[in-house]
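Report on the structure given below.
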Amino acid sequence: MNQRQLGRTDLATAPLIFGGNVFGWTLDDKASFDMIDAWLDAGFNMIDTADVYSKWVDGHAGGESESVLGRYFAQRGNRDRIVLASKVGMEMPDAGEGLSRDWILREVEASLARLQTDRLDLYFAHTDDQRAPLDETMEAFDRLIRDGKVRHIGASNYDGSRLMQALSSAHDLEVPRYEVLQPHYNMYERGNFEHDMAEICIEHELGVTPYFALASGFLTGKYRKPADTEGRPREGFLADYFDARGQRILEALDAVAQRFGTTPAAVALAWLIAQPSVTAPIVSATSHDQFTQLIGAVELQLDNDALARLDAASQPDSPD
């Protein structure tokens, strides 16, 4: 199997997916529409969102990103040009959460309504729910697929053991399995995925679409010290990166970027794309400059010396 496919689905046509968490958060409708247009014009076709985006913003309750996308589809009339992924499972304030049959069947309708579409190309279990029996979850997703509301399913924020149990459940029930894993994985966050899930994904031919591919912007080199994040929308996401290992990673990114005449962001994404288990990282941009860096990552071919230097700098520290 070509590991650039999303599992067996072959959904994406390019090795990057646009992360829709910025829609309705750091991008208003006009800016969001312009960014999506640019994404399509550049030859990309997949967008990832979730029901809870962006409930972390004061005054938001979730559903903002899906609603922006719904208005985009209504205005542009181009839903068929986009491979659309969304997620279910995290808490929707004053509504529900989890992966029970009733919540999945209810929340998919809410997502479809906000998105102004009749189907999702890929629907993720956003986080593991150990209160809901796995058989019940997999049967609920099977119903959505049989009803034509979802084409394929994936998992996010599972550990290796639970992912294997979910795959076994689907096999035993003879229903569709998770075909894609969306883990937290980047040059800084390596340990959990590489040690617990990467081999599972390769062995079982699951696509891998890492989120936080640039560590909330840390790997762009824009933020060199905690003071650089003060007052920024992503301030709360960045606090843990300013340690000795984080500085080693930035230094290696700077050196490789200088050698290849590109940016640290492009290098960090090119490193991620080069990993054998990775299909397509999820990335976001809120400006033309950031968008250009994303395009540069796809065109950048790191050699063995560059990959070795980045690997050495980003190796997780051994526990005491």
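None of the figures in this text is laboratory data; all of them are computed from the coordinates on show. Computed from a predicted model, the values in this text were never measured in an experiment. Note that we place each Cβ from the backbone using ideal geometry, even for glycine, and neighbour counts take in every protein chain shown.
Odds and ends about this structure:
- Restricting the calculation to Cα atoms, every distinct pair contributes to the Kirkwood radius of region 249-310, found to be 11.7 Å.
- Integer Hz, Karplus 6.51/-1.76/1.60 couplings in order for region 299-306, x for Gly and Pro: 7, 8, 10, 6, 8, 4, 5, 5
- Cross-link partners for Lys30 among the lysines, with Cα-Cα distance under 23 Å and sequence neighbours closer than 8 places in the same chain left out: Lys55.
- Dipole orientation for region 17-314: of the candidates Gly19, Thr127, Leu206, Gly19 has the Cα lying most toward the positive pole (charges on Cβ; Lys, Arg +1; Asp, Glu -1).
- Cα centroid of region 215-286 to Cα centroid of region 63-103, whole Å: 28
- Remark: the chain carries a charge dipole of roughly 700 debye about the Cα centre, counting +1 on each Lys and Arg Cβ and -1 on each Asp and Glu Cβ.
- Counting all C-alpha pairs of region 106-155, share separated by more than 17 Å (%): 32
- DSSP bridge pairs, region 17-314: antiparallel proportion in percent, nearest 5: 5
- Cα-based radius of gyration of region 17-314 once divided by 2.2 N^0.38 Å, which approximates compact folds: 0.99
- The charge dipole of region 93-239, taken about its Cα centre with unit charges on the Cβ atoms of Lys, Arg (+1), Asp and Glu (-1) only, comes to about 700 debye.
- Here is the list for region 161-222: GluC sites (Glu not before Pro) lying in DSSP coil, each with at most 16 other C-beta atoms within 10 angstrom of its C-beta, are Glu174, Glu205.
- Distance between region 127-175 and region 12-55 - C-alpha centres, whole angstrom: 26
- Put simply, the convex hull of the Cα atoms in region 161-320 casts, on average, a shadow of 10.9 nm².
- Between Val267, Ala95, Tyr188, the Cα set farthest toward the positive side of the dipole of the chain (charges on each charged residue's Cβ, about the Cα centre) is that of Val267.
- Each stretch of four or more DSSP H residues adds -39500 (n - 2.57); spread over every residue of the chain, this sum gives -13000 deg cm²/dmol at 222 nm.
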